[in-house]
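What follows is a set of notes on a single structure, which appears directly below.
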Amino acid sequence: MRIDRDTLKKIILEELEAVASDEPEFGKVKSSRGQASADLKQRAKDIQSQKGVDDKERGIISQIEKLLTQLADQTDIKSGAVNSKLKKLYAVLKQELGNQQDEK
């Protein structure tokens, strides 16, 4: 497989950004059942004090989370086409978050 220069530059820049940030690379974080349970309990507590997230937004977040859970139950989301699409979605969301922070 041959990679053109632009694609190689993009890959290198993405890797450098991943290394430079404190956040782990997409798909590299593990969560045990116990940790996931504790996270859910904490999120339930956090919902009470959330500001800036309305009921409709919480509904959207919940729908996406349910679909991801169902997808993970039915197939392997750690690799293949599904993982590739999730990586792209993750990158878009991170970019949008960065754009929102830049506007502030």
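Read the figures in this text as sums done on the coordinates, not as results from a lab. Keep in mind the model is a prediction, meaning the values are calculated, not measured. When we count neighbours, we look across all protein chains shown, and the Cβ atoms used for this are built from the backbone with ideal geometry, even at glycine.
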**Asked** Relative to the Cα centre, what is the charge dipole magnitude of the chain, using +1 at the beta carbon of each Lys and Arg, -1 at the beta carbon of each Asp and Glu, and rounding to the nearest 20 debye?
**Response** 320 debye
**Asked** Can you give the direction-averaged projected area of the convex hull of the alpha-carbon atoms in the chain, in nm²?
**Response** 9.3 nm²
**Using alpha-carbon coordinates, inclination of helix 80-103 to the longest axis of the chain, degrees** = 80 degrees
